[in-house]
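Notes follow the structure.
The values are calculated or read from the model by the stated rules, or taken from the named source; none is laboratory data. Just so you know, these numbers come straight off a predicted model, no measurement behind them. A quick note on method: Cβ atoms are made from the backbone with ideal geometry, for glycine too, and the neighbour counts reach across all protein chains shown. Ligands, DNA and RNA are stripped out before the accessible areas are found, and what is left, the full protein with its side chains, is counted by its heavy atoms. Shrake-Rupley method; radii C 1.70, N 1.55, O 1.52, S 1.80 Å.
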Amino acid sequence: MSENQSQTQMSQQSTHDDTKNKPYSILVTGATGFIGARLISHLSELGYSIKGMSRRTIPDTPNVKYVKADVFDVSQLENALNGVDIAYYLLHSMEGSKDHWKEFASREKIQAKNFLEAATKAGVKRIIYLGGLVNDSLDLSPHMKSRKEVGEILSSGNIPVTELRASLIIGAQGGSYAMLRYLVERLPVMVCPSWVKSLAQPIAVDDVIDYLSGCIIHPETIGKIYEIGGKDKMTYEQLMRVYAKYLNKSLFVIQIPFLTTRLSSYWVDLITPVKASLARPLIDSLVHDTIVTDNAITKIIPLRLKSVIDAIDIATKEIRENPPDTPLREERTGFKINQKLLLASLITMALVGTTYYWLDDRSELFEPVWILAGVFWYIVIITAIVFVKSKTRLGFLIGGILSWVTLAFWLFDNFYVMFETSLIIDKPNELITIRNFVWAALSTLAVIASHNTFHKIIDYQYKGKPI
């Protein structure tokens, strides 16, 4: 730490007790985010008057004044930081559009530089930053490398920075918990890459909040880097099994070593409401072990850390009592109607499909190639029904593709009606021709329903609760 930082630390030590008496001298960025909203609520309960910074306009609440500021606009940041002594930096650029996600590292650097510049001009005395637990000796993923670089940028000025590097955070509304919850709840059999064997030290979000708030009353944390983790150390596979046991569910894991983090993120995107742009950085952070190697923070801020099962229990109860307010809930009636319509269409298609083997009199249908095609069609339709019932994008995608293929097949089978020739096998009789047109109508319903549900899921994932 530089001489200027040492002098600033001495000043901070002499004034930190006055923080409560100086209104709105604490600023929390990401005020509506997973961590920011909780931290603001906690500090307010402790009697602090806080500023909450967000990109959107939010009405003030007791002890909390919200300021609107874009982190890419230094002047807006200066205005938000006016009169602030302690600033919590809880910003990231993992979410957003696909194009934005590709540039997240450069965006995070710009954010950090702008914030440091504005904080310096505003006379901020201290920055507290929540980063990710990294192993400096390893080749870091882009996400974890960016988290580390943000901390270095914030620390490059004259304002002392306290950096807390956290392992996997478990809490309602958090991306890590959402990914865990939906994967375990929706998939009795899970195909996983090698990263599920990496060690983590999951920490309850409430413990993270206690560490963040505790830094205010412990001036010895000024200008230091601390690692924070929970009570238990386990692999991500073990974490999934713990959650499955909590739900009294069986979980079978099949490991595929060559499944990359990119493919894994797309799979998570199709199975859970966690979009790929957020899933990939979360998965990247699990590629290497993320366990605490220096527990110095526990001696300064002693906490009774929660176990993984306690953290899961708290998060699960909270999500049940306060489910997220998303467009999917607002449009739940239309979504449920389309989902039930798709399920009914797929089941009816499967039942009507059996008539090929007891009503259709064409001998070609019993040749091996058509038997195999029929078996494959039923495997796909059963898979679609299972995933549609679980409300996954994958189910709606499979259901839509299957419906289009089936619609085309039945129309081709009736091609002779208009053109006096058959495209597939011998011409069907009149009864089978009528059946094919009924099937075509069912397939059309399935196509429409799958399209509607698939795009409502996209609305939910990409236009959800703003952060």
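Couple of notes before you dig in:
- Reference-scaled alpha-carbon Rg (2.2 N^0.38 Å with N residues) for region 192-243: 1.48
- Rg over Rh for region 343-406 works out to 1.03, using Cα positions for both radii and the Kirkwood form for Rh.
- Accessible surface ranking that places the most exposed of 48, 24, 357 first, with a 1.4 angstrom probe: 357, 24, 48
- Solvent-accessible area of residue 113 with every protein chain in place, 1.4 Å probe, in Å² to the nearest 10: 120
- From most to least packed by mean Cβ count within 10 Å, the peptides 200-213, 430-443 give 200-213, 430-443.
- Distance from the alpha carbon centroid of region 344-415 to that of region 55-72 works out to 53 angstrom.
- The charge dipole of region 196-239, taken about its Cα centre with unit charges on the Cβ of Lys, Arg, Asp and Glu (plus for the first two, minus for the last two), comes to roughly 160 debye.
- Residue ranking by accessible heavy-atom surface, 1.4 Å probe, largest first, among 448, 385, 128 comes out as 448, 385, 128.
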